[in-house]
Amino acid sequence: MKLKSVINGGILLGIFINAIACNSCESKTNNSSKPDGTITLKKANELEERYKATRHKIINRALGFDSLKIQDSREVWFSLERMKKYIKYVEEEAEKNGYKELGLRFYLGAYPDTEENKGLTTLFAVPTTTSIKREKKANYFMAPASHEISENMDNVEALNLGGAGHPPKELAIQ
């Protein structure tokens, strides 16, 4: 009887230690892993500088912002908490509709030209899925990437109203 208690206690202790160890490993792995597609801040700065040199100046000039001494938006900020809540919302709505393979597609837009915001650029996100089957016009030589075949979910709201700096914040990495 005593041996059985020792064995059962040992098994429970082993399960407990294993659970803690696995949980610890999982936390460490999740904390240190980065997703595909990340770039260095130096590379990000190069992209921003190229955008400013080739597009931002043209946009400001074309919209007459130079004479108003303002700049169009070129950066948009969303809190991580708001993004997490939005992703949770998308996942819940997708589950209701049976959507799988979810993503977000980001669009540039422009607000109406009002006294308040002068028609500035905005960035908004629209949820996507590959579960919606629509007729494809393109014949792909190779299997297309998920973002190429994903469709916008037209029954889930988009995310907008991030904050933009006026003037825009510089990324400038030394």
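Of these, Gly103, Gly98, Gly119, which one is in contact (Cβ under 8 Å) with a residue 24 or more places away in the chain, assigned by TED's automatic domain parsing to the domain that holds Asp154, surrounded by fewer than 11 Cβ atoms within 10 Å (Cβ to Cβ) and not charged (D, E, K, R)? Steps first, answer last, please.
Working: Gly103 fails: surrounded by fewer than 11 Cβ atoms within 10 Å (Cβ to Cβ); Gly119 fails: surrounded by fewer than 11 Cβ atoms within 10 Å (Cβ to Cβ).
After applying the criteria, what remains is Gly98.
Looking at the stretch 52-83, which of the residues that are over 16 Å from Glu116 (Cα atoms) and in a loop (DSSP other than H, G, I, E, B) is farthest from the chain's Cα centre (by Cα)? If you could, list the steps in order and put the result at the bottom.
Here is the first cut: in the stretch 52-83, the residues over 16 Å from Glu116 (Cα atoms) are 52-62, 66-67, 74-83.
Checking which are in a loop (DSSP other than H, G, I, E, B) leaves us with 74-76, 78-79.
Details: Arg74: 17, Glu75: 14, Val76: 12, Phe78: 10, Ser79: 11 Å.
Only one residue tops the list, namely Arg74.
Can you name the residue in the stretch 106-116 that is surrounded by 11 or more Cβ atoms within 10 Å (Cβ to Cβ) and outside any strand (DSSP E or B) and, of all such residues, is nearest to the chain's Cα centre (by Cα)?
Per the stated criteria, the residue is Tyr111.
The values are calculated or read from the model by the stated rules, or taken from the named source; none is laboratory data. Remember, it's a predicted structure, so these values are computed and weren't measured experimentally. No Cβ is skipped: glycine too gets one built from the backbone with ideal geometry, and neighbour counts run over all protein chains shown.
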